[in-house]
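Working notes for the structure below.
The values are calculated or read from the model by the stated rules, or taken from the named source; none is laboratory data. Bear in mind that the values here come from a model prediction, so they are computed numbers and not experimental data. Here Cβ is always computed from backbone atoms with ideal geometry, including for glycine, and neighbour counts include all displayed protein chains.
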């Protein structure tokens, strides 16, 4: 990958995570419907994945829908998101893009929170792409960091009740989480100017580098990703040393 002046950027993150924030505010600022904002956001993510792979990223994780979204957002807005997820998961153009880029999709979260049609569509997408090995896209749906930790602790507690208790270690806790398959996150990008993680991947992000972009997610472009990756390449990660 080359930067603005042609120099090759070093230390591109292997695992990049994304909080694509600002779809509703983008809609309001352009006097468009919420549906238009989320449609633009979904289309942007498809492009973002291609850009990230092209820059050398191996794994991309995106927060599509949080547990708090499911519980607290208005029903009409959540239904818009559900419709877009179902459409997106079965879009022939998307499936072809994933095939060409060798990108497998993993769906992670408490899928019991989702309507049956949404869960079925997303898991179908996962099955259709599970043989692709060049790039991994993890989509967090019905996901919350505290919920993920609680899921692990409940699993450990149930094991203990059933006589399967083991010595508690970080590795064992990680194995019990919904996000057990995720590698440690190198870099987290959040858009829209919000400078917080909101419970995003607390277990995997203890040494993640953070980048907060001011643009709303639908306005985020390839040049903005390149700028963010340049910032990452210039940082020194010490991991507590």
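Looking at (1) in contact (Cβ under 8 Å) with a residue 12 or more places away in the chain; (2) closer than 16 Å to residue 113 by Cα; (3) in a helix (DSSP H, G or I), which is the one condition that is false for residue 79?
(1) is the only condition that residue 79 fails.
Just the residues that are assigned to a loop (DSSP other than H, G, I, E, B), surrounded by 19 or more Cβ atoms within 10 Å (Cβ to Cβ) and touching a residue at least 40 places away in the same chain (Cβ under 8 Å), please, taken from segment 206-241.
208, 216, 220
Looking at segment 31-48, can you tell me whether even one residue there is touching a strand residue (DSSP E or B) at 6+ places or on another chain (Cβ under 9 Å), part of a helix (DSSP H, G or I), at pLDDT 95 or above and at negative phi?
Yes, the conditions are met somewhere in segment 31-48.
Check off (1) in contact with a helix residue (DSSP H, G or I) (Cβ under 9 Å, 6 or more places away or on another chain); (2) in contact (Cβ under 8 Å) with a residue 24 or more places away in the chain; (3) in a helix (DSSP H, G or I) for residue 142 and give me the number that stays unchecked.
Against the list (1) in contact with a helix residue (DSSP H, G or I) (Cβ under 9 Å, 6 or more places away or on another chain); (2) in contact (Cβ under 8 Å) with a residue 24 or more places away in the chain; (3) in a helix (DSSP H, G or I), residue 142 comes up short only on (3).
Conditions (1) in a helix (DSSP H, G or I); (2) touching a helix residue (DSSP H, G or I) at 6+ places or on another chain (Cβ under 9 Å); (3) surrounded by 14 or more Cβ atoms within 10 Å (Cβ to Cβ), marked per residue:
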residue: 118; (1), (2), (3): yes, yes, yes
residue: 127; (1), (2), (3): yes, no, no
residue: 132; (1), (2), (3): no, yes, yes
residue: 137; (1), (2), (3): no, yes, yes
residue: 152; (1), (2), (3): yes, yes, yes
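Can you tell me which residue in segment 95-114 is nearest to residue 198 (Cα to Cα), limited to those that are assigned to a helix (DSSP H, G or I) and out of contact with any helix residue (DSSP H, G or I) (no Cβ under 6 Å at 6 or more places or on another chain)?
The initial filter retains those residues of segment 95-114 that are assigned to a helix (DSSP H, G or I), namely 95-100, 111-113.
Remaining after also requiring out of contact with any helix residue (DSSP H, G or I) (no Cβ under 6 Å at 6 or more places or on another chain): 95-97, 99-100, 112.
On the way: 95: 31, 96: 33, 97: 31, 99: 33, 100: 34, 112: 22 Å.
Checking each candidate, the answer is 112.
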